[in-house]
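Note sheet for the following structure.
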Amino acid sequence: MGRTKYRQKMAFKPLLHVMLVSVAVSLVLPATSALNIDFVYHHFPQMTAILRQLSNEYPELTKLYSIGKSVQGRDLWVMLVTSDPNEEPLLKPNVKYVANMHGNEPVGRELMLHLLSLLLDGYGKDNYITWLLDNTRIHIMPSMNPDGFEASSEGECSGVQGRGNANSADLNRNFPDFFAGPPKVGIQPETRAVMDWIRQKQFVLSGNFHGGALVASYPFDNIPANSPKNFRKFGSPSVTPDDDVFRHLAETYSFNHKTMYLDHSCRDGSPPFPNGTTNGAAWYSLIGGMQDYNYVWGSCMEITLEISCCKYPKSFQLPQFWSDNQKAILQYLGEVHQGVWGRITDQNNNPIHNATIKVKGREFGSRTTYRGEYWRILRPGTYTLQAEARGYDPVELNVQISKGVTVQNITLYPQSSTYYEPRSDPTFQKGGLVPSISPVPNAASYTGTTVKGLWPTYTVNETFTTVAPLTVTNETDMFDVEIFNDVSNTSMIDLVLTTNSTDFYSEVETVAFNGTNDALTSDGCFPDFDVIHNQPKFRLCECVEVWNMKFSFASLHQPCNLLTEVSETQRSCDISAWIPLPNIASIHRLQSTI
């Protein structure tokens, strides 16, 4: 009898242990799966558990890393989301979102967790998200100030409890300042970690989430030392040389937000924010802000996003904040695909590291990566690029920027050269269209997107060099890609490849491929077909459906991830499939009737 009771007690202990462990885990992990994150505030153990779960479930799309630790030893987590997290493809730009810099402003912290869930769940299902992850490296930091968050109280709409870190330092006053120099308070561990992070990664675009207002603010935050005494009172802006770009970025967010662009005032006496945007100093000037530091020292275009009138609203409001901001968050990330990109190399095509690339008339430039890469967000227009590096002759050239990305490679030659004349090396052009996100869903949950708008196009210019011209041994060739369609027979599509050269593939003048919707493969695209006997094949890829009709556009040796522009209003299809065959130097864009 005694042994039986003993066995029962022994059997109960493992069961009790399992129950206790289950209870402990439930206190850390959310009640739902990682891709169905609750709209509650997640403290550091819960947030860490979600990030690790996402990383474990999506190793092919994520990379979880810490850039350092807070004063109290909490990791400053960052999750990289991209289609190839363990590689760094050439010229794939880095963007970042940073939230919860002020511990008592945590709405952005929660939105970043839902953004992660949205991106991972949408990859392969949603055209825009898939394109975004295939062409962008997105770094998301849910909390820059985890210590401050733990000291804050839900429901506190104002006040400063938890605003600073564990040393009571305001992290958004703790960066070196272009106008004022080093911060008055010693650089904090969280600030130092972000500064090192910015130095290590060449970020191109950034957003910093705050609370307490509803506005998109852009640099400069501080004002020059010689500004008039009443500069602050008049609400005068402290304008950067890239004010046009910053205004565009801020308006991109505000106009894609459900209400920010309406100039909503959170409280009586607040200044008006036309279009929901403001220059930082025009609102109020501050010293040591992070967005100014990103711009001046990191060559990164960062804006500050104030997304809630209440700093720490009750959690039941989080679904509405997600619904209000979701489209803006996604659209803003795509703005990195604007302007000019390229590589700076020497005469042997070796990358030149730490070369300076500037836009004439714009004081702040950037430096190339170890692979010679550079990125510069610019609005459409004509600009003069200036490139220089120690030991090389400088280069200055004009470049035309249109909507999307212009790829401009530059070759520098040693200073020992004695004869210089601009020369262009033929290179290929590529292009495509990116589906825009659909109108903002009314519900908090994301409902998907449609291919309705324009994605950025890519235009690869000729490589610019400064060296004596070489003899051109081959003529350039131009290929036209046309898609014709008889309106009376909407099931037939003709793809015609022609060449204007008589000595390059001269035995073939025109190759046509006819197909109907019945010939489509299971993925909705036409199969591969031979362009020329024993030559590489085109892959007809990335179908677009217009008026229940599918179009497929060709790409040779290129990933099938760029679409063509479809304009339903103009009843036309703007073909922009650049075909990089040997010696191709130009492209003819056609506007043909559907």
**Study point:** Close pairs (8 angstrom Cβ cut-off, 6 or more residues apart or separate chains): free of Cβ contacts under 8 Å to residues at least 60 places away in the same chain in the stretch 86-115, open to solvent by less than 10 Å² (accessible area, probe 1.4 Å) and assigned to a loop (DSSP other than H, G, I, E, B) anywhere
**Key:** LYS92/THR82; LYS92/THR136
Point to revise | Among (1) on the phi > 0 side of the Ramachandran plot; (2) open to solvent by less than 50 Å² (accessible area, probe 1.4 Å); (3) not in a loop (DSSP other than H, G, I, E, B) - the single one ASN275 does not satisfy | key: (2)
Review point. Looking at the stretch 315-331, is at least one residue open to solvent by less than 10 Å² (accessible area, probe 1.4 Å), touching a Ser or Thr at 6+ places or on another chain (Cβ under 7 Å) and among the aromatic types (Phe, Trp, Tyr)?
Key: no
Exercise for review: Evaluate the following for PRO59: is it of a type outside the set (D, E, K, R) and either modelled with pLDDT under 95 or exposed (fewer than 13 other Cβ atoms within 10 Å of the Cβ) (or both)?
Suggested key: yes
Practice item. Would you point out which residue out of ARG371, ARG376, ARG390 is surrounded by 22 or more Cβ atoms within 10 Å (Cβ to Cβ) and not assigned by the TED database to the domain that holds ASP244? Key: ARG376
Review point. In the list LYS311, LYS403, LYS358, which residue meets the criterion of being assigned by the TED database to the domain that holds HIS264 and under 30 Å from HIS248 (Cβ atoms)?
Key: LYS311
Point to revise | Test: residue in the stretch 157-179 that is under 11 Å from SER70 (Cβ atoms), among the charged types (D, E, K, R) and either surrounded by fewer than 18 Cβ atoms within 10 Å (Cβ to Cβ) or touching a Ser or Thr at 6+ places or on another chain (Cβ under 9 Å) (or both) | key: no
Study note, to complete from the structure: Counting only residues in the stretch 187-223 that are in a helix (DSSP H, G or I) and not hydrophobic (A, V, I, L, M, F, W, C), the one surrounded by the most Cβ atoms within 10 Å (Cβ to Cβ) is identified as GLU190
**Study point:** Complete set of residues in the stretch 84-136 that are buried (at least 19 other Cβ atoms within 10 Å of the Cβ) and small (Gly, Ala, Ser)
**Key:** ALA99, GLY103, GLY108, GLY122
Exercise for review: Could you please let me know if LEU64 is closer than 30 Å to CYS157 by Cβ and either touching a Phe, Trp or Tyr at 6+ places or on another chain (Cβ under 8 Å) or of a type in the set (A, V, I, L, M, F, W, C) (or both)?
Suggested key: no
Check your understanding: Right, ASP263: among the acidic types (Asp, Glu), crowded, with 24+ Cβ neighbours inside 10 Å and within 27 Å of the chain's Cα centre (by Cα) or not?
Key -> no
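The values are calculated or read from the model by the stated rules, or taken from the named source; none is laboratory data. Source: prediction; values computed, not measured. Cβ coordinates were reconstructed from backbone atoms using ideal geometry, including for glycine residues, and neighbour counts include every protein chain displayed. For accessibility, only protein heavy atoms count, side chains too; no ligands or nucleic acids. Shrake-Rupley method; radii C 1.70, N 1.55, O 1.52, S 1.80 Å.
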